[in-house]
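For reference, the structure is listed below as C-alpha cells.
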Amino acid sequence: MEAVSVGARLASSVVGPLVKKLFRADGPGAGLVDRPVRISGLVSFRGEKRTLTDVELRKISEELVERAALSTGVSERLPRFEQRAVVNAVTHSLCFLEHIDMDDVQAVQLGHLELSRSLRSSNQAATIGLSSDAVLLHAQVVDTACLHILHFFTTRSTFVPRTLVEQSRRIEELSSKIDTLIMRTPSPADGSFEARYASYISTKHGKLTIFGLDLATASGAWPLDAAYLSLEATGTAAGKMPLTMPAEHVLAGRARVLMRGVAGSGKTTLVQWLAVSAARSDVDEHLLYLHGLVPFVLPMRSLTRAGARLPAPNEFLSAVGCPIAPAQPTGWYDRVLTAGRGLMLIDGIDEMPEEEREEARNWLRDLVGSYPRNHWLVTSRPSAVQENWLASEKFTELDLAPMSRDDVAAFIKRWHKAAGSGDAYGKELLYAVRAKQELDRLATNPLMCALICALHRDRRGYLPDGRKELYDAALSMLLSRRDRERGIYKTGDMRIGETHQVQLI
C-alpha cells in the first residue's frame with residue numbers, strides 16, 4: 001500500500017460523525033470551573049456518563065478500517081484475519097484516549113500526528129506479525145481519526161473561550177518571566193566578577209566525592225553531571241495534601257525549603273547540583289528557575305570550624321575559602337541579595353555542635369529578614385532539628401525519599417559510566433544487588449550505593465561473600481572516616497573510637 005494519507009480518501013461526512021460518538025457533549029461556557037478538563041473526562045465509553053458500549057466502539061473501528069481499506073484498494077490484498085487484527089489494534093488505540101493526561105487545548109497544540117503516535121504506542125504488540133500493509137493501515141486510520149478528533153475539539157463550545165484564557169495566561173506568564181530575567185541580569189560593573197565566580201563554582205562543586213573509602217584503582221571523585229541521580233522529595237502542602245517532586249525542583253515555586261535527609265541520602269549532592277546548575281550559562285530547560293541566580297554554598301561544618309561567629313554576607317566567600325573573594329566588587333553581595341538573585345544553600349545544620357544550632361537559627365532569621373526575596377535551601381539530618389524549626393520564617397519542610405529499586409538500578413548504571421568502568425561491572429553488580437538480600441538492604445541511599453559500586457569495582461567485580469566484611473567497610477566509612485575526612489571535627493574535639501562505636505551499636 002502506498003504511503004498516502006487515508007484521510008484524503010475518506011470523506012469528513014463519514015469520519016466526523018463516527019469520531020463525534022467517542023465524546024460526550026458539554027454545555028456552554030469557558031469550562032474553567034472543573035479545570036483542568038482532561039480528555040479522559042470527555043470520552044463517552046467510560047465513567048458514570050457512559051453512552052457508548054464496547055460493542056459500539058468496535059463497530060466504529062470496523063467501519064473506519066473497512067472504508068479505509070476499500071478506498072485505498074488494500075482490502076483486495078489484505079486477508080480477513082489481518083483486517084480483523086487491524087480493527088482490534090484501532091479499537092485499543094481509541095480506548096487509550098481515556099488515559100491521555102492532557103486536555104483538549106493541549107491536544108490541539110500537540111497536533112494530530114503526535115497524538116496518533118501516542119495512542120498507537122500504547123499497544124505496539126497489537127501489530128506484531130502483521131504485514132506492512134496492515135501496519136500502515138492501522139497507523140493511517142488512527143492518524144485520520146486523530147485529525148478529526150482534534151477538529152471536533154476545536155468545534156466544542158468551550159474550546160474558543162478556554163483558548164483565549166490560556167493565551168492570556170501565557171502572555172502574562174511570559175511577561176513575568178521576562179521581567180524576572182531582566183531583574184536577574186548583573187550590572188556591568190559586576191558581570192566580569194560573576195563570570196569568574198560562576199567558573200569557580202562549576203569547578204569547585206562539579207565533582208562528586210566519596211569520603212572514607214580506600215580505593216586502589218580510583219580517585220573517589222566523579223563528574224557530577226554523569227553521577228547525579230534525580231531523587232524525589234516528599235512533604236505535605238498547606239492543605240495537608242501530600243507533595244512529591246524531583247528534589248532539584250524544590251525551589252521552583254517556593255522560595256524557602258528545609259530539606260531533611262538521613263546520612264548519605266544525597267543532601268550535599270543536591271546542593272552541589274543546584275549550585276552548578278545556577279552557575280551555568282546554558283541552564284537545563286527543566287531548571288530555568290535557576291537562571292540568573294548567584295549560588296552561595298555555605299557548608300555549616302566549614303563555617304563553624306574556625307570557632308568564630310557565623311559570617312556576615314560580605315564574608316560568605318572568604319568564610320568558605322573562595323580564592324577570588326578579595327576580588328569581589330565593593331557592595332556586590334548587597335546588590336545581589338537585595339535584588340533577590342541569591343541562591344542560598346546552607347548545608348548540614350546537623351554537622352555543627354548541638355549547642356550552636358540555636359545560634360545558627362538566629363543567624364538564619366537575621367539573614368532571611370534582611371534579604372527576604374532570595375531562594376533559600378537549608379539541609380539537615382532529621383534528628384538534628386525539631387519539626388517546624390524554621391516555620392516562623394515560612395520554610396516548607398520536605399524529606400528526601402529513599403531510593404526505589406529503579407533508582408538503585410539507574411544509580412549503578414550512572415556510577416559505572418562516570419567511573420569509566422564499562423557496562424560489564426555494572427550489569428554484574430546490578431544482578432548481585434537483586435540476588436543478594438544483604439546487598440539489597442544496604443543499597444537504600446546514594447552513599448551506600450556508591451560504597452557498594454566502589455568496592456565492587458576496586459575488587460575487580462568481586463564483593464565479600466559474607467555480610468560481615470561488607471558491613472565492616474560500611475561501618476568504617478559511616479561511623480568514623482567519612483566525617484573525619486570531610487573536616488567536620490574541630491581540633492580538640494572529643495571523639496569515640498571506631499571500635500567503641502561499633503560496640504555501642
Single match in 81, 96 (criterion: within 27 Å of residue 130 (Cα to Cα), within 31 Å of the chain's Cα centre (by Cα) and either modelled with pLDDT under 75 or open to solvent by 10 Å² or more (accessible area, probe 1.4 Å) (or both)): 96
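Taking the conditions exactly as written (exposed (fewer than 15 other Cβ atoms within 10 Å of the Cβ) and at pLDDT 80 or above), does residue 265 satisfy them or not?
So residue 265 does not fit the description; no.
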Tally, over region 362-377, of residues that are open to solvent by less than 10 Å² (accessible area, probe 1.4 Å) and either under 28 Å from residue 439 (Cα atoms) or not in a helix (DSSP H, G or I) (or both): 3
Criterion (in contact with a Leu (Cβ under 9 Å, 6 or more places away or on another chain) and aliphatic (A, V, I, L, M)) met by exactly one of 64, 70, 136: 64
Scan of region 279-289 for residues that are buried (at least 16 other Cβ atoms within 10 Å of the Cβ) and within 16 Å of the chain's Cα centre (by Cα), ordered by number: 283, 287, 289
Selection from region 378-429 of residues that are assigned to a loop (DSSP other than H, G, I, E, B), over 22 Å from residue 262 (Cα atoms) and open to solvent by less than 50 Å² (accessible area, probe 1.4 Å): 421
Hits in region 313-354 (condition: in a loop (DSSP other than H, G, I, E, B) and among the polar types (S, T, N, Q)): 328, 330
Hits in region 299-319 - residues which are at pLDDT below 90 and either under 19 Å from residue 267 (Cβ atoms) or open to solvent by less than 50 Å² (accessible area, probe 1.4 Å) (or both): 301, 302, 303, 304, 305
Long-range neighbours under 8 Å by Cβ, at least six apart or interchain, first residue under 14 Å from residue 45 (Cβ atoms) within region 88-115, second of a type in the set (D, E, K, R) and open to solvent by 10 Å² or more (accessible area, probe 1.4 Å): 91/58; 93/120; 98/46; 100/38
Region 411-431 - residue that is small (Gly, Ala, Ser) and under 25 Å from residue 232 (Cβ atoms) and, of those, modelled with the highest pLDDT: 426
Test result for residue 119, surrounded by 16 or more Cβ atoms within 10 Å (Cβ to Cβ), in contact (Cβ under 8 Å) with a residue 12 or more places away in the chain and outside any helix (DSSP H, G or I): no
Extreme residue, farthest from residue 336 (Cα to Cα), among residues of region 183-203 that are within 31 Å of the chain's Cα centre (by Cα), open to solvent by 80 Å² or more (accessible area, probe 1.4 Å) and not hydrophobic (A, V, I, L, M, F, W, C): 203
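This table checks each residue for (1) of a type in the set (Phe, Trp, Tyr); (2) modelled with pLDDT of 95 or more; (3) touching a helix residue (DSSP H, G or I) at 6+ places or on another chain (Cβ under 6 Å).
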{"position": "227", "(1), (2), (3)": "no, no, yes"}
{"position": "231", "(1), (2), (3)": "no, no, yes"}
{"position": "239", "(1), (2), (3)": "no, no, no"}
{"position": "246", "(1), (2), (3)": "no, no, no"}
{"position": "253", "(1), (2), (3)": "no, no, no"}
{"position": "258", "(1), (2), (3)": "no, yes, no"}
{"position": "278", "(1), (2), (3)": "no, no, yes"}
{"position": "321", "(1), (2), (3)": "no, no, no"}
{"position": "331", "(1), (2), (3)": "no, no, no"}
Cβ pairs under 7 Å, 6+ apart, first in region 250-262 and surrounded by fewer than 22 Cβ atoms within 10 Å (Cβ to Cβ), second part of a loop (DSSP other than H, G, I, E, B): 256/394; 256/395; 257/250; 257/251; 257/395; 262/381; 262/382; 262/445
Any chance residue 324 is closer than 26 Å to residue 232 by Cα and either open to solvent by less than 30 Å² (accessible area, probe 1.4 Å) or of a type in the set (Ser, Thr, Tyr) (or both): no
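For residue 480, state whether it is in contact with an Asp or Glu (Cβ under 6 Å, 6 or more places away or on another chain) and either modelled with pLDDT of 70 or more or surrounded by 13 or more Cβ atoms within 10 Å (Cβ to Cβ) (or both).
yes
The values are calculated or read from the model by the stated rules, or taken from the named source; none is laboratory data. All of these numbers come straight from a predicted model, not from anything done at the bench. As a convention, Cβ positions derive from the backbone with ideal geometry for all residues, glycine included, and neighbour counts pool all protein chains shown. For the accessible areas, the whole protein counts, side chains as well, though only heavy atoms, and no ligand, DNA or RNA atoms are used. Shrake-Rupley method; radii C 1.70, N 1.55, O 1.52, S 1.80 Å.
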